[in-house]
Structures are given as structure tokens and as C-alpha cells.
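Chemist: Quick one: the structure is below, and I'll ask about it shortly.
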Amino acid sequence: MCAFFGGYGMLTFEELMEKNGVFKDMNVLSPHYVPEVLPHREEEIETLMKTVTPALKNTKPKNMFLYGKTGTGKTCSTKIVMDKFNAMNRNAVMRYMNCRIYDSRYKIIFRIVNEVCKDDAKMGYPLSKLYESMLEWVEKNNMHMIVALDEIDMVNDVDDLVYTMTRINDELEKGSVSIIGISNRLHFKEKLDPRSKSALYEKEVMFKPYNATHLYEIVKQRSASAFVKDGIDDAALRMAAAIAARETGDARYALKLVHKAGIIANEEGDSKVTEKHVESARRSVDDDLIVEAITTLPQHEQIALYGISLLQIKGSSYKRLGDEGQDVFMSGEVYESYAKACKSLSVTPRSARWFSEYLHDLDMLGLIALTSSGKGTRGQTRFIKLAYDAEKIKSIVEKIFS
């Protein structure tokens, strides 16, 4: 076997590493990459900078809330501002946390104490001790600390977190603690108690979806660094931008299309990415995004989607609605299906009011379509339609709960 690998012209890892094909640096297309300049978010970045600047002047800045659909530049804008802010090297520090990972008040404060305050706390320390450590560090160093909490809606005890992180300022004689909450969910505000809402929403910034022109300029900027010279057609960039604008206005989607198209071009031995590669990439990227969208949903929204998929598969018990063979369901029967799905998964269903919020979120994410009841239908019933294949959704959710 060793003789085979050594003597018959088998490629080495060194040779494979040199074969980049159309790519120069594909990492530039990653959703985690932070460019120095973010096109068409200058105004939002300026607002962010103006809001946090008081901390550099030894004054507590306002808490902020950033919201908008996925891929509209919220996280990237925050990280750009954070890098500039921390480079000022004052008695002020800004830190970013992904609440999909740090999803409770305890985990967030534990990480602050260990990584920001540099206190070697151990997991299992009482929350009160962690709180005192944070308070002592801020006051002793006259530090103005800003914590950016991405996907803050994923925090299980978000009201307690907001209360704790804002209440600490009442006990500080020097320094301050402020929050930047970031969420894809436009209705998140309605889920907070009045105290948390008042504290978190001192300043709001909405990030609107990008249009095709914006997305083209974004993918063109990144592609200049990601691909070798003449490695991608301008028509391919325009196509990726147009598809993303039509679907979601999501820059991540456009960048994923371009990235996947480059991989396909390499696999097919082509020296340039063209429109045919983007078209081929679209099917794969769409599937990836559906899986990502569902797996990152809160539990009850996953179950709500699962309940709708089951209803779609078995068919409506009411008079068939909709056209072109696509079932459209009434909100009442969808809630019943959700409640049954909760029972089968040993999860306590939430109230119809909460369920209505879940439907709003799923609609905003493009996973379902909500329409108002039409003429001849009594009450305020809404119609719900799945945006994707029911069997595919059912399979994804069942894997999550398996």
C-alpha cells in the first residue's frame, strides 16, 4: 500500500493545497468575515458609533436594539463598530456574544466575568457571586462596558438578563454597563415585559433588506478578494444578487450562491464562474438555507412548523382551500395540529396568543405565508400556507428532536 502511494504519481497534500482553481481566498465569502467597509450600511454604522461614543468620554451610553431580517448587516455592522471602538484603548470595552451559544443569563454573565473581567470563575459559581465580580471590576476600573447580544431572542430568561444588566448601573458609583440587543425577529419587543422593553429600547435601529443593486455591490466587493483575476463573470455576480434580492434581500444568501458557484466551477474544471454555475448552486444553497433556518428556530416555532407540515401531509379536515393543489389552512386547525405535535414530543404547548406570535415570526422568515381571511369567512381567521415541501420540513424537524 505504501509503495502504491509513493510510486504511482498519487497527488500529495502539498499539491492539492496549491490547487485553488477560481479562488484566491474563499474565506472572504464566509458569513463570519468582517470587511473594513460594509456597502450601504454607512448610516446604520454611523448611528451605532454615535450611540456608543459617550462611553469613550466616561459617560454611560444608551442601550440599543438592532433589528431586521437575516443577512441585512446587523452583526457585521456591530463588529465593525466594535473593532473601531476597542482600538481607541480607553476605559471602555465592547464585547460580542452569540446568544445561540450563550442562551441564559448565567452563561452570559459567566462569560463576561471570565473573558472581560479576567476573573477565573468556575462553572457552578452562584450567580450572585458572578454579579458581584462584574460589579467590582467595572467600578474598580471605572470601566464602561458594552455587551452586544446577537440573537438576544434566544436567551431563555431574557427579561431577567435585561433587568440584571441594567440594574447594575444603580449600584455603580463609577463606570457603567450597557447592552446592544440584536434580533431577526421584528415582534421580539412584544414578548418582553414592560421594564425590559423600556430599558432595552432606549435607541432602535432597523436594518432594511438589501435590494438587487446593493447586493451586487456587496458580492462584487467581496469577489474582488475572493476570486483570482477574471475568475468570475460580472453576469454571474448580477445573477446571484438578483436571485437573493427576489427571494430575501439577504446578503448571506447572495454570498453563499457565489461561494457555491465557485466550488461547482472548480469541480467541473472550469476556469471562470458563470451564470450556469450560479443556477446550479441555487438548488444546493436553497436546501442548506432551509435546514439552517429551521434548526436555528426556537423550539416552539420548530414544533409549529412541524404541526403545519403534518397537516399538509394528511390534508385539511375542513373544506379544501387554496389552488394549484396547495393546501391553505385555517389558524384554528393549525393550532390544534401544533398542540398535538407538542404532546407527541412531550412538550407543553403555549397559548394561542403565543402561537400567533410564532406564526408571525415564521411568516417573516419566509417559512410560511400568512393571509387574512377573505370574504365569506367569519371572524378574524387567518390562512396559513407552507412555503416549502412538507415532507422535507417534517424530516428536518424530526431529526432535530430524534
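Chemist: Among the residues that make up the stretch 365-374, is at least one of them assigned to a strand (DSSP E or B), modelled with pLDDT under 85 and in the same structural domain as residue 331 (by TED's automatic domain parsing)?
Modeler: Yes, the stretch 365-374 has at least one match.
Chemist: Just the residues that are part of a helix (DSSP H, G or I) and of a type in the set (D, E, K, R), please, taken from the stretch 202-232. If you could, list the steps in order and put the result at the bottom.
Modeler: Narrowing the stretch 202-232 to residues part of a helix (DSSP H, G or I): 212-226.
Within the stretch 202-232, 217, 220, 222 meet the criteria.
Chemist: Is there any pair with a first residue in the stretch 268-283 that is basic (Lys, Arg) and a second that is surrounded by 15 or more Cβ atoms within 10 Å (Cβ to Cβ) whose Cβ atoms are under 8 Å apart and which are 6 or more apart or on different chains, and what are they?
Modeler: 272/22; 272/231; 272/232; 272/233; 272/265; 282/243; 282/257
Chemist: Could you grab me the full set of residues in the stretch 117-143 that are free of Cβ contacts under 8 Å to residues at least 24 places away in the same chain, aliphatic (A, V, I, L, M) and buried (at least 16 other Cβ atoms within 10 Å of the Cβ)?
Modeler: 121, the sole residue that qualifies.
Chemist: Given the criteria more than 18 Å from the chain's Cα centre (by Cα), at pLDDT below 95, among the polar types (S, T, N, Q) and loosely packed, with under 14 Cβ neighbours inside 10 Å, does residue 114 qualify?
Modeler: Answer is no for this residue.
Chemist: Further question: Tell me the residue from 147, 162 that is at pLDDT 95 or above, within 21 Å of residue 193 (Cβ to Cβ), of a type in the set (Val, Ile, Thr) and out of contact with any Leu (no Cβ under 8 Å at 6 or more places or on another chain), please.
Modeler: 147
Chemist: I'd like the full set of residues that are more than 18 Å from residue 149 (Cα to Cα), touching a strand residue (DSSP E or B) at 6+ places or on another chain (Cβ under 8 Å) and of a type outside the set (Phe, Trp, Tyr), limited to the stretch 170-229.
Modeler: 175, 223, 226, 228
Chemist: What's the total number of residues in the stretch 226-257 that are more than 10 Å from residue 211 (Cα to Cα), charged (D, E, K, R) and under 26 Å from the mean Cα position of the chain (by Cα)? Break it down stepwise before answering.
Modeler: Step one: filter the stretch 226-257 for residues more than 10 Å from residue 211 (Cα to Cα), giving 226-240, 243, 247, 252-257.
After this cut, where a residue has to be charged (D, E, K, R) as well, the list is 229-230, 233-234, 238, 247, 252, 256.
Restricting the remaining residues to those that are under 26 Å from the mean Cα position of the chain (by Cα) gives 238, 247, 252, 256.
So the count comes out to 4.
Chemist: Also, quick follow-up: Would you mention how many residues in the stretch 154-179 are buried (at least 19 other Cβ atoms within 10 Å of the Cβ) and not hydroxyl-bearing (Ser, Thr, Tyr)?
Modeler: Result for the stretch 154-179: 10.
Chemist: Follow-up question, since we're still on this one. Is it true that some residue in the stretch 350-359 is at pLDDT below 90, over 15 Å from residue 299 (Cα atoms) and exposed (fewer than 13 other Cβ atoms within 10 Å of the Cβ)?
Modeler: Checking the stretch 350-359: at least one residue is at pLDDT below 90, over 15 Å from residue 299 (Cα atoms) and exposed (fewer than 13 other Cβ atoms within 10 Å of the Cβ).
Chemist: Being buried (at least 22 other Cβ atoms within 10 Å of the Cβ) and on the phi > 0 side of the Ramachandran plot, is that true of even one residue in the stretch 64-76?
Modeler: Checked the stretch 64-76: at least one residue is buried (at least 22 other Cβ atoms within 10 Å of the Cβ) and on the phi > 0 side of the Ramachandran plot.
Residue by residue, here is whether (1) of a type in the set (Lys, Arg); (2) touching a Lys or Arg at 6+ places or on another chain (Cβ under 7 Å); (3) surrounded by 19 or more Cβ atoms within 10 Å (Cβ to Cβ) holds:
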| position | (1), (2), (3) |
| --- | --- |
| 44 | no, no, yes |
| 51 | no, yes, yes |
| 83 | no, no, no |
| 92 | no, no, yes |
| 101 | no, no, no |
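Chemist: Still on this model: Do we have any residue at all in the stretch 144-153 that's in contact (Cβ under 8 Å) with a residue 24 or more places away in the chain, crowded, with 17+ Cβ neighbours inside 10 Å and at positive phi?
Modeler: Yes; the residues of the stretch 144-153 include at least one that is in contact (Cβ under 8 Å) with a residue 24 or more places away in the chain, crowded, with 17+ Cβ neighbours inside 10 Å and at positive phi.
Chemist: Continuing with the same structure: Assess whether residue 114 counts as being in contact with a strand residue (DSSP E or B) (Cβ under 8 Å, 6 or more places away or on another chain) and among the polar types (S, T, N, Q).
Modeler: Numbers: in contact with a strand residue (DSSP E or B) (Cβ under 8 Å, 6 or more places away or on another chain): no; among the polar types (S, T, N, Q): yes.
No, not satisfied.
The values are calculated or read from the model by the stated rules, or taken from the named source; none is laboratory data. Please read these numbers as outputs of a predicted model, since none were measured by experiment. All Cβ positions, even for glycine, are placed from backbone atoms using ideal geometry, and neighbour counts span all protein chains on display.
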